[in-house]
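Below is one structure, written out as C-alpha cells; comments come after it.
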Amino acid sequence: MNKSKNSAPDYHILISVVCLIILGIILVYTSSYPYSYRLEGGKYGGVYFLTRHLVFVLAGAILSLFAYRIDYKKYDSKFFIGLMIISSIVLVLLLKFTSLGTDFGKGSRRWINVGGFSFMPSDIIKVAAVFCMASYMSKINLRRRNFQNIVLVPVSIILFFTFLIYIQKDLGTAVTVAGALSIMYFIGGAPLTVIPPAIGAAVLGIYLAIYRNEYRRNRFFAYKDPIKNIRDTGWQPAQSLFAYANGGLSGVGIGHSTQKFFYIPEVYNDYILAVCGEELGFLGMICIVALFSVIIIKGYLTAARAKDRYGLMLASGISSLIAIQFWINAAVSVNLVPSKGITLPFISYGGTSLIIYMILTAVLLNISKSANSEVK
C-alpha cells in the first residue's frame, strides 16, 4: 500500500506570511490611530480600525485553515470554474446596476455594501481569474496546437477578466490581474511570437486608460512632479516621500510617525508602507522586502516542483498576484508609478483583500504540501 511521508507545507512561506500579518497589525494600529481617535471621539483609545482589522485576520485564519485542508486539485472542475465565472459577472452587475454598489464618497463605484458589510468585487474576480486561467492552461497540452486553442482562448480569458475589473474604474487591479494571467500564459506555453504584440497592446492600453480619463491624467502629471502639484493631486505622493525622508536609516520609532496625522489620507490603506518607512526606516523596509521575496521566490519554486500542471499553473498565478500587487503598492509609495489605490498584501487595512490573500496562501501551502510529499 502506498503511503506518503514528509508531507509538510513550505514553512518558509508560512512563517513569512505570519510575520507580515503580525507586522500589519502593528502598522494598522499605529497608522490608523489618529483616524480612529477622531472617529470615536476619543472614547475607546483609538482602536476602531485595529479592532476591525483583528476581526478580518481571525476570519482569514479560519477560512485559510479550511482552504488548506482542501486538495487543490478539487478546484479544477467545470462546476467550480463555471461558478467563478458566473459569480464574477453577477458581482459586476450588482455593482454597476443596483443600489448595492457604492463609492463611499471616493468618486469610483468599487464596493458592494450589504447590511453594513462592504467588499470590493475586484478582489473576488482576480481570484476567479487565476483559477480559471490555471484550469485552462493546465490542459493546453491536451488540445490541438492551433491558433484558437493556443492564442485566441487564453488571450480572451485575460481580456475578459481584465475588462470586468477595468469597468469598475480600478486600473491598478486590472493591471495586476492582466499581468498575473499573462505570466501564467507564458509559463504555460504561449508562443514566443505572441510576446511583442502583447507588450505593445499592454502599453497602448495603459496609455489610453490614463489619457482618456481626466482624473488618471491628473494623477499621472502629479506623479511626474508631486512637489510642484503638492497643493492638488501631488499632495499624497509628496507626503509619502516626506515620510520616507523622516524615517532615514532606522526610523523614528513605532508610533512616532508625524505623517500619519492626516497628512496622508487613509494612510492605513494604500500608503501604509510610507508609515513603515517613517517609523522603521530603511532597515524596516528591507525586512518587508525580504519577507515578500521569500514568499514570491518560494511560491515560484513550489510551482516548479508541483506534481501536475494544474499545481504549476495555480501556484504561478498566486505567486504572480502577490508579486505584482506588492511591487505596485511599493512603487506607488515611493512615487515610481502613479497612485493606483492598491493595498499591500497581508499588511494594509482592508478586509476583503486581507482575507483573499490569506486564503490564496493556504492554497499555495496545500500545493507545496503535495509537492513535498514522497510516496514509498
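Quick notes on this structure:
- Normalised alpha carbon radius of gyration of segment 5-87 [divisor 2.2 N^0.38 Å]: 1.56
- A Gaussian network model of the chain, with springs between Cα atoms under 10 Å, assigns the largest mean-square fluctuation among ILE158, ILE25, ILE86 to ILE86.
- Toward the positive end of the charge dipole of segment 219-376, with +1 on the Cβ of Lys and Arg and -1 on the Cβ of Asp and Glu, the farthest Cα among GLY311, ILE230, VAL289 is that of GLY311.
- Rg/Rg_globular for the chain, with Rg_globular taken as 2.2 N^0.38 Å and Rg from C-alpha atoms: 1.00
- Residues with amide H under 5 Å from that of TRP111, placed H, sequence gap 5 or more: THR102
- Dividing the C-alpha radius of gyration of segment 192-324 by 2.2 N^0.38 Å, with N its residue count, gives 1.37.
- Segment 292-353 and segment 214-268: distance between their alpha carbon centers, rounded to Å: 24
- Degrees between helix 78-97 axis and first principal axis of the chain (Cα, 0 to 90, nearest 10): 30
- For LYS139, the aspartates and glutamates whose Cα falls under 15 Å of its own Cα, not counting residues fewer than eight places away in the same chain, are ASP76, ASP308.
- Highest mean packing first, where packing is the average number of other Cβ atoms within 10 Å per residue, the peptides 127-140, 345-358 line up as 345-358, 127-140.
- Taking the longest Cα principal axis of the chain as reference, the axis of helix 214-224 is set at about 80 degrees.
- Projected onto their three principal axes, the Cα atoms of segment 289-376 cover extents of 52, 25, 21 Å, largest first.
- Against the chain, whose longest principal axis is taken from its Cα atoms, helix 235-247 shows a tilt of about 80°.
- Fraction of accessible area attributable to carbon and sulfur, the chain (%, probe 1.4 Å): 67
- Residue-normalised accessible area of the chain, expressed per residue, 1.4 Å probe, Å²: 48
- Of the trypsin sites (Lys or Arg not before Pro) in segment 169-256, the ones in a loop by DSSP (not H, G, I, E or B) with at most 12 other beta carbons within 10 Å are ARG212, LYS228, ARG231.
- Placing unit charges on the Cβ atoms only, positive for Lys and Arg and negative for Asp and Glu, gives the chain a dipole magnitude near 1020 debye about its Cα centre.
- The relative contact order of segment 181-299, computed from alpha carbon pairs under 8 Å that lie at least 6 residues apart in sequence, is 18 percent.
The values are calculated or read from the model by the stated rules, or taken from the named source; none is laboratory data. Small disclaimer: the values here were computed from a predicted structure and weren't measured. Here the Cβ is made from the backbone with ideal geometry for all residues, glycine too, and neighbour counts use every protein chain on show. Only protein heavy atoms, including side chains, enter the accessible area calculation; ligands, DNA and RNA are left aside. Shrake-Rupley method; radii C 1.70, N 1.55, O 1.52, S 1.80 Å.
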